[in-house]
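Accompanying notes for the structure given below.
The values are calculated or read from the model by the stated rules, or taken from the named source; none is laboratory data. This is a predicted model, so every value here is computed, not measured. Because the Cβ atoms are built from the backbone with ideal geometry, glycine has one as well, and the counts that use them run over all protein chains shown. Just so you know, the surface numbers come from the protein's heavy atoms only, side chains and all, with ligands and any DNA or RNA stripped out. Shrake-Rupley method; radii C 1.70, N 1.55, O 1.52, S 1.80 Å.
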Amino acid sequence: MWIKVMKMINESLGDDFILVGFSDQPQLEKILFVVVLISYLLTLVGNTAIILVSCLDPMLHTPMYYFLTNLSFVDLCFTTSIVPQLLWNLCGTAKTITLIGCAIQLYVSLALGSTECILLAVMAFDRYAAVCRPLHYAIVMHPRLCQSLAGMAWLSGVGNTLIQGTITLQLPRCGNRRIYHFICEVPAMIKLACVDIHANEVQLFMASLILLLLPLALILVSYACIVQAVMRIRSTQAWSKVLGTCGSHLLVVFFFYGTITSVYIQPNSSYSHSQGKFITLFYTVVTPTLNPLIYTLRNKDVKGALKRLVRKDHRAEE
C-alpha cells in the first residue's frame, strides 16, 4: 500500500499543491504570522518543559505524568508538522507545497491527531482509577498497563493515517491543485477529487465516530463515574481534590474535542472554507499552546517540580 502511494507521488513530482489558506486576506496574514509564530514558540518551550520536568523529577514518575509526557510529545510533533509550512506560506507570495511534502504532512498530522484523541481517553481512565479506585490505583495502573495503553494510542493513530491518508492520496484529482485550506487535511483534500466522494465521506465519518466520538464517550462516562463517587462522599475537600486532579484534563478535552469534532463530524457539504480554516487553526496551533499552560498553572505538582529543579540549578551554580 505504501509502495503504491510513493509510486504515485514519484510520478507526479511536478504537481505542487497550492495552499490557498488566508491569501484572500493579506492584512490578516501579517497578523496571523505573528500570532502563529508566538504560539509555536510557546508550544515548543511549554511542552518541552513538561517533558523534561516529568522525566527529571522522581516525584512525577507516575501514570498521570507518563501520559502527560506522551501528550506533550504528540503536541510538539503535531504542531511541527504543520506550523513551519504555515509560517512560510503566511510570509511569502508562493503558497505551494510539494506533493511529497503534502503527503508527509497529511500522514504525520493525521497520525498524531488520532493518537491524541485516544490518549485523552486513556488519561480520563487514569483519572477514574485515581478517584474511584484510590486503594487499588497502584495495582490497576501498573507500568506495563500504562505502556500498553500508550502504545495502543500510538498504534491507533498510525493505523488510521495509513488507511485514511492512503485512500485520500489515491483519489483522482484531474489536475485540481488548489487546496482551500492552510494544511493538507483529509476533509479539504477529498474535495479536490473529480469523482464521486460519497463513499469517502462515509468512510471518513465512520473513522471519526471510532476515533473521535467513541473516546469522547468514554471520557464522559469516566467523569460521570468520578462525579458520582465524589457526590457520595459529599466533602468539600474531596471536590477540591477532584477539581485539582481532573480540571486540567477536562479543559484540554474541551478545547481539543470542541474544535476537531466540528471539522470531522459535520457533513462535507456544510464544510465552510473560512469557518473550517479558523477552527483547524485553533486545534492545530492554539490548543497545543494552551495545554502546557493549563497543566502548569492549574497543577501544584508540576509547579512544585519546576521549583525543585530551579533550586537544584541554583545549588549547582553555588
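So which chymotrypsin sites (Phe, Trp or Tyr not before Pro) in the stretch 146-248 pass both tests, a DSSP loop state and at most 13 other Cβ atoms within 10 Å of the Cβ?
Listed in order of number, the matching sites amount to none.
When the Kirkwood hydrodynamic radius is evaluated over all pairs of different C-alpha atoms of the stretch 135-221, what value in angstrom, to one decimal, is obtained?
Answer for the stretch 135-221: a Kirkwood hydrodynamic radius of 15.5 Å.
Compute the normalised compactness of the stretch 41-96: alpha-carbon radius of gyration over 2.2 N^0.38 Å, N being the residue count.
Dividing the Cα radius of gyration by 2.2 N^0.38 Å gives 1.49.
Rounded to two decimals, what ratio of Rg to Rh does the stretch 86-181 give with C-alpha atoms and a Kirkwood Rh?
Over the Cα atoms of the stretch 86-181, Rg/Rh equals 1.20.
For the modelled label position 7 Å from the Cα of ARG144 along Cα-to-Cβ, which residues of the stretch 58-91 have backbone nitrogen atoms closer than 20 Å?
Inside the label zone: 62-64, 66-67.
Considering the convex hull of the alpha carbon atoms of the stretch 71-230, report its projected area averaged over all viewing directions, in nm², one decimal.
With the hull built on Cα positions only, its mean projection is 11.1 nm².
With a sphere of radius 14 Å drawn around the Cβ of LEU119, what net charge do the other residues whose Cβ falls strictly inside it have (Lys, Arg +1; Asp, Glu -1)?
-2
Got a sec? What order do ILE279, ILE179 fall in by accessible area at 1.4 Å, biggest, i.e. largest, first? Spell out each step's value before the answer.
Numbers: ILE279 30, ILE179 0 Å².
Order by accessible area, largest first: ILE279, ILE179.
Count charges around ASN160 for me, please; just the other residues with Cβ under 15 Å from its Cβ, Lys/Arg as +1, Asp/Glu as -1.
-2
Work the Kirkwood hydrodynamic radius out for the stretch 1-154: mean of 1/r over every pair of different alpha-carbon atoms, inverted, in Å.
18.2
Roll a 1.4 Å probe over the protein heavy atoms and report the accessible area of PHE73 in Å², nearest 10.
100
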